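Readers should treat all values here as calculations from the given coordinates under stated rules, not as data from a laboratory. Bear in mind that the values here come from a model prediction, so they are computed numbers and not experimental data. Every residue, glycine as well, gets a Cβ built from its backbone with ideal geometry; the counts of neighbours run over all protein chains shown.
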Amino acid sequence: MDVIPRILDLAREWIGAAVRPGDLAIDATVGNGHDTAFLANRVGPEGRVVGLDIQRSALERTAARLARLGLRDRVELVEQGHEHLDAWFQASGVSARPRAVMFNLGYLPGGDHAVITRPSTTLLALDAALSLVSADGLITVVAYPGHPGGPEELGAVMEWARSLPAHQAHAVCHRALNTSKPAPVLVAIARHEPDWHRVRGSG
Ligand SMILES: C[S@@+](CC[C@H](N)C(=O)[O-])C[C@H]1O[C@@H](n2cnc3c(N)ncnc32)[C@H](O)[C@@H]1O
C-alpha cells in the first residue's frame, strides 16, 4: 500500500479503527457490496450490518458476494433510500446504536450512471446517521465531484459537515490535490463522547 492510502482504503482504515466485534454498522449505499462485506468482516459473527440501496440489482449482487464470503447471515439488506434510515430503525425495533455509518456516494459502478445519490436525500440521511450513531461512533462519506451533480452534492456534504457544532462532532476532510481529474473527497465525522467537555475540563 502507498504511504498515503487511496481514498476508499482510508475510509475503511478509519471505520475499521472504530468498529469492534459485536457492533452494529450501517452501509448507507450498498452498491456492489465491497463496503458491506468489509463491515461484515469487522463486526464479526456476533455483530450485525444493515445495508441500504434503492437498486435491487445492487442488493442482489451484494447478497451473492456476501454468500460467497460466508457473511450473508450477519447482514440485513434493505431496499430503501437512506433518507428513510431513521424510520427504518424505529420500525425495526433495533435498539443498538451503530458504531459506524459508511456513505459512498454517486452511481453504481457497472450500473445505470443516471441513478445517483442526491444532495437533498443525502443530507437527510446524514442527519439521521448523526443522531443514530453511538457516542464514539464514526461516519464516513466518499463524494465524487467528477460526474454531473457530483460537485453540488460534494458542496452540500462539506457545508453540512462544516456547520456541525464542534462540541458535538469532529469533522475532517481528505482529498488529493494534484490530480488531472476532479478527485473524490473523504469526509469523516466522529461523534464526541457525551461528556467529552466535562472529561477534558476536569483533566
Ligand atoms: C458508489 S455506489 C456504492 C458503492 C459501494 N459502497 C461498494 O462498496 O460497492 C452508490 C450507490 O448508492 C445507491 N443510491 C443512490 N441513491 C440512494 C439512496 N437514496 N439511498 C441509498 N442508496 C442510494 C446507488 O444505487 C449505488 O448503488
Contour minus end-to-end for GLU46 and ALA64, with contour as 0.36 nm per residue of separation and end-to-end as the Cα-Cα distance?
4.4 nm
The distance between the Cα centres of region 13-41 and region 86-137, in whole Å, is 12 Å
How large is ³J(HN,Hα), in whole Hz, for each residue of region 20-29 in order, when computed from phi with the Karplus curve 6.51 cos²θ - 1.76 cosθ + 1.60 and θ = phi - 60°, using x for Gly and Pro?
10, x, x, 6, 9, 9, 10, 9, 7, 9
Difference of contour (0.36 nm per residue) and Cα-Cα distance, ARG72 to GLN55
4.3 nm
Ranked ILE54, ILE26, ILE4, ILE139, criterion: other C-beta atoms within 10 Å, fewest first:
ILE4, ILE54, ILE139, ILE26
Using only DSSP helix segments of four residues or longer, with each worth -39500 (n - 2.57), what per-residue ellipticity at 222 nm results for the chain after dividing by its residue count and rounding to 500?
-11500 deg cm²/dmol
Could you put MET158, MET102 in order, starting from the residue whose Cβ has the fewest other Cβ atoms within 10 Å?
MET158, MET102
For region 50-191, taking Cα atoms only, what is the radius of gyration to one decimal and the Dmax to the nearest whole Å?
15.6, 47
